[in-house]
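If you scroll down you'll find the structure; I have some questions about it.
The values are calculated or read from the model by the stated rules, or taken from the named source; none is laboratory data. Note that the structure is a prediction, hence the values are computed from the model and not measured. Please note: Cβ atoms are built from the backbone with ideal geometry, for glycine as well, and neighbour counts cover all protein chains shown. Areas reflect the complete protein model, heavy atoms only, side chains present, ligands, DNA and RNA absent. Shrake-Rupley method; radii C 1.70, N 1.55, O 1.52, S 1.80 Å.
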Amino acid sequence: MEILKIVLVSILSAVTLFIIAKIMGHKQISQLDFFDYITGITIGSIAAELATDLEAPWQSFTAMIVYGLITVVLTTITNKFPSMRKFINGTPTIIMDDGKLYRKNMKKAKLDLSEFMVLCRQEGYFDLSEIQTAIFEYNGRLTILPISSKRPVNPTDMNLNPKQDYIGVEVIMDGRILGENLKRMGHDEKWLQKQITSQGYKNVKDIFLGIYNKDKQLSLYQYN
């Protein structure tokens, strides 16, 4: 009976976390700002307590709901009032500009030179002379604008006008046909089976991944 109670309470905590995460949106599980980071840790701790608190689980459950509501309310406020967004999330800080390092800004961002160099290398810049501007964002990432002579060449520089690329659409995944995607591409399962056969496969179950690309070609990847 005790084990069953633990299982049920654990399921309750997992379902509650899932619902709260869906309400908060993808921001909660991507690059976190300051408040989301604190909220994520707190809700995770409460969820762990909820899974083991057999005497009064509703106390932890209520706390999770409250934290979720606080996050939703603050998100709404920061979307409507930019000044509150700056107060809660913070603002980007210029660390380097036009060959000059700003020591006061680094101190304000609680970033030392070693950490700054690491962030530069992670972005692919090993020579500071290649950097025009470096901005430390409020989510902890370093955004770098390279000097013009060091930035990658793009088609416009070479007077080229390439065709627009588009994202391929998965029509087969893990041996199963994704019917809605296939229909959205204007094809049916009969067409798909012909394509599979023409590429030397017998059955859709032999295909690990099938992608319909911008050139209206079907790329198939078999199981290994």
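Can we say Asp112 is of a type in the set (Asp, Glu), out of contact with any Gly (no Cβ under 8 Å at 6 or more places or on another chain) and more than 30 Å from Arg85 (Cβ to Cβ)?
Criteria not met by Asp112.
Out of all the residues in region 113-131, which are within 27 Å of the chain's Cα centre (by Cα) and not polar (S, T, N, Q)?
Matches in region 113-131: Glu115, Phe116, Met117, Val118, Leu119, Cys120, Arg121, Glu123, Gly124, Tyr125, Phe126, Ile131.
Among (1) buried (at least 16 other Cβ atoms within 10 Å of the Cβ); (2) not in a loop (DSSP other than H, G, I, E, B), there is one condition Leu111 misses while meeting the rest; what is its number?
So Leu111 meets the others, but not (2).
Moving on to the next point. Please go through region 70-97 and pick out each residue that is at pLDDT 90 or above and either within 18 Å of Ile147 (Cα to Cα) or in a loop (DSSP other than H, G, I, E, B) (or both).
If the condition is that a residue be at pLDDT 90 or above and either within 18 Å of Ile147 (Cα to Cα) or in a loop (DSSP other than H, G, I, E, B) (or both), then Ile94, Ile95, Met96, Asp97 are the ones that fit.
Right, next: Just for region 198-223: of the residues that are within 17 Å of Arg184 (Cα to Cα) and either part of a loop (DSSP other than H, G, I, E, B) or of a type in the set (D, E, K, R) (or both), which one is most open to solvent (accessible area, probe 1.4 Å)?
The extreme case among them is Lys216.
Can I ask one more? Look at Gly186 and say whether it is of a type in the set (Gly, Ala, Ser) and open to solvent by 50 Å² or more (accessible area, probe 1.4 Å).
Yes, satisfied.
How many residues does region 124-148 contain that are open to solvent by 80 Å² or more (accessible area, probe 1.4 Å), out of contact with any Asp or Glu (no Cβ under 8 Å at 6 or more places or on another chain) and under 22 Å from Gly90 (Cα atoms)?
Qualifying residue count for the region: 2.
Applying the selection to region 152-179, what residues are open to solvent by 60 Å² or more (accessible area, probe 1.4 Å), closer than 23 Å to Tyr223 by Cα and either of a type in the set (Asp, Glu) or in contact with a helix residue (DSSP H, G or I) (Cβ under 8 Å, 6 or more places away or on another chain) (or both)?
Passing the criteria: Glu170, Asp174, Arg176.
What pairs can you find where one residue is in region 156-175 and free of Cβ contacts under 8 Å to residues at least 60 places away in the same chain, the other is of a type in the set (Phe, Trp, Tyr), and their Cβ atoms are less than 6 Å apart, with a gap of 6+ or different chains?
What qualifies is Val169/Tyr212; Val171/Tyr212.
Going through region 57-108 one residue at a time, which ones are under 27 Å from the mean Cα position of the chain (by Cα), among the aliphatic types (A, V, I, L, M) and open to solvent by 60 Å² or more (accessible area, probe 1.4 Å)?
Those that are under 27 Å from the mean Cα position of the chain (by Cα), among the aliphatic types (A, V, I, L, M) and open to solvent by 60 Å² or more (accessible area, probe 1.4 Å): Ile65, Val66, Leu69, Ile70, Val73, Met84, Ile94.
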